[in-house]
Amino acid sequence: MTDMTKPSHTDPRCLLALMIGLCLTLVTVFGAGPLAAQQTYGLRAGDTLRVEVLEDPSLNRNVLVAPDGRISFPQAGTLSVSGRTIDAVQGDLVGRLAPSFAAPPTVFVSLEKLAEREVRPIVQAPPAPPAEDPVISVYIVGEANKLGKIDVAPGTTVLQMFAIMGGFTKFAATKRVQLRRADARGIEQVYTLNYPAIEAGVISAGRSTLADGDVIVVPQRHLFE
């Protein structure tokens, strides 16, 4: 009697669909980790954000989260971002920028760089090397050409700091530059610096020396300023 049983063959299309499904599963499992972490990360002072506006590339830039937990952005002003997620900050920027565009702009915010974290050694550290020259840290925020934490020598003056940070952008309100400094009680004092007057030698504020932890904020100029 002839054996009528035929060998079974798997449909190639089924195999292809199975392989595609497996690849998508692997991408979902292994590729979503960093993105999910970035979406839930709470921002902190010292972090650097990358902000891009699709409708106006001239606004694209990196912004530093200042020690007070704020960022400054052209046409959006100052925003408090400490402890907030990137998605929340992105939504705020869209709302702040919307009045400057015919329709709400397309804004992309990403985490460019994490703030430096203090690493505590588990074992006893070796003897410290000879002390280096002392420095103070000054933070630059807003419409300056060089942003972030800048270490300078003690005794550096305001005018010297303007040169170190590379001057100002075209959006800068140079007559309303702010120097923010905390006093011995931790209360912030805000001083207004008129750069054109300092440069012309009309006022002597440019000779004032900076202190460790000072924050220089260069605000955005108004429309007819």
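Listing for the model above:
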quantity: Shape call, the stretch 136-218: gyration tensor on alpha carbons, a/c limit 1.5; calculated: rounded
quantity: Relative contact order (%) - the stretch 136-218, alpha-carbon pairs under 8 angstrom, separation at least six; calculated: 42
quantity: For Thr156, residues with placed amide H under 5 Å, excluding near neighbours; calculated: Leu210
quantity: Other-chain or far-sequence residues with amide H under 5 Å of Phe168's (modelled H); calculated: Asn145
quantity: Linear extension gain, Asp151 paired with Ile164, 0.36 nm per residue minus alpha-carbon span; calculated: 3.7 nm
quantity: In sequence order, calculated HN-Hα J values of the stretch 86-100 (Karplus, 6.51, -1.76, 1.60; Hz; x Gly/Pro); calculated: 5, 4, 5, 5, 4, x, 5, 5, 4, x, 5, 7, 3, x, 8
quantity: Nearby aspartates and glutamates by direct alpha-carbon distance to Lys149 (threshold 17 angstrom, same-chain neighbours under 8 apart not counted); calculated: Asp47, Asp68, Glu112, Glu116, Glu118, Asp212, Asp214
quantity: Calculated from backbone phi, Karplus (6.51, -1.76, 1.60) coupling profile of the stretch 191-205 in Hz, x at Gly/Pro; calculated: 10, 8, 10, 9, 4, x, 5, 5, 4, 7, x, 6, 10, 9, 4
quantity: Student exercise, the stretch 48-113 dipole from Lys, Arg, Asp, Glu Cβ charges, in Debye to nearest 20; calculated: 160
quantity: Residues with amide H under 5 Å from that of Gly142, placed H, sequence gap 5 or more; calculated: Leu64, Ser72, Val218
quantity: 3J(HN,Hα) from dihedral phi, the stretch 218-224, Karplus parametrisation 6.51/-1.76/1.60, rounded to Hz, x for glycine, proline; calculated: 9, x, 7, 6, 6, 4, 10
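Just so you know, all these numbers are worked out from the coordinates, no wet-lab data involved. Computed from a prediction, not measured in an experiment: that's the story for all the values here. With ideal geometry, Cβ positions are generated from the backbone for all residues, glycine too; neighbour counts draw on all protein chains shown.
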